[in-house]
Structure formats: C-alpha cells, structure tokens
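Undergrad: Attaching a single structure in structure tokens format; questions to follow.
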Amino acid sequence: MFKKFIGNSRAKSPWIMHFDCGSCNGCDIEVLACLTPLYDVERFGIVNVGNPKHADVLLVTGTVNHRNAKVLRNIYDQMPDPKGVIAIGACGLSGGVFRECYNVLGGVDKVIPVDVYVPGCPAKPEAIIDGVVTALGKFEGLKG
C-alpha cells in the first residue's frame with residue numbers, strides 16, 4: 001500500500017537533477033529552457049533539485065572524462081532507488097565530436113547505466129521533456 005503510494009507520487013511529480021560533465025553549455029541551456037515559462041515543466045510537477053538524495057531522475061550532459069567520472073558515479077550512488085538516468089546530447093550519448101580525444105571516456109553509459117538517450121546537438125527542450133516522461137516509465141511498476 002505504502003509502496004504503491006510512493007511509486008504513484010514519484011511518477012506524477014518527478015524531481016530531476018542536472019549534472020554537467022563538461023559540455024559546451026548548448027545542452028545545458030536547453031535543459032534550463034525547460035524550466036522557463038515557454039515550456040514550464042513545473043506545471044506537470046517536475047521540479048529541479050540540487051541534492052541527489054532528493055532526485056528521482058538524473059539529467060547528464062557533456063562528455064565523461066577521467067576527472068568527472070568519479071563525481072558522476074558518486075552522484076548516481078547517492079540517488080534513491082529506483083532512479084532514472086537520461087543522457088542528453090551527442091556528447092552525453094557517445095562523446096560527440098570529442099569522442100577521439102585522449103581524455104574522453106565516451107558517453108555517460110561508460111560510467112553509469114542509462115535509461116533514456118536524448119540525441120541532438122544541442123537536444124531540443126521538447127525532446128528533453130519527452131525523455132523525462134519516458135524515464136518515468138521506470139516508476140510505473142511501483143504503482144501496482
């Protein structure tokens with residue numbers, strides 16, 4: 001009963017956390033555009049939080065390198081289960097144009113498991129919102 005209530009609450013009002021692994025800020029600006037009055041994701045109950053212990057969904061932009069891989073893993077480990085991870089932009093998916101660089105490990109999935117991939121350079125706010133909604137499917141199993 002209680003698990004069903006929590007699962008329903010998390011699916012209806014997900015709290016997201018955004019982590020920039022070192023992107024060019026193109027995808028970061030598009031993530032922030034989702035919070036502006038034009039897209040206004042807060043009307044759907046989506047709230048941006050700064051603490052991974054409160055987040056349901058992790059949005060990751062940029063390429064993963066040796067320096068930020070440990071931080072990304074640490075943030076992921078601090079999030080409560082179940083959690084959704086969304087890799088945003090070409091850099092988050094594969095390393096983008098930087099994938100051949102000596103310091104780039106590749107996409108986000110080289111360090112943590114990814115549930116949803118949102119392509120684009122930069123990814124459009126509509127696609128990011130759609131990615132969050134797709135990631136919420138992970139919480140559907142908790143309802144029943």
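The values are calculated or read from the model by the stated rules, or taken from the named source; none is laboratory data. Quick caveat: nothing in here was measured; it's all calculated off a predicted structure. Because the Cβ atoms are built from the backbone with ideal geometry, glycine has one as well, and the counts that use them run over all protein chains shown.
Undergrad: Could you grab me the full set of residues in segment 20-60 that are part of a strand (DSSP E or B) and in contact with a His (Cβ under 7 Å, 6 or more places away or on another chain)?
TA: Of the residues in segment 20-60, the ones part of a strand (DSSP E or B) are 20, 47-48, 57-60.
Residues satisfying the conditions are N48, L59.
Undergrad: For segment 1-40, enumerate the residues that are at pLDDT 85 or above and β-branched (V, I, T).
TA: I16, I29, V31, T36
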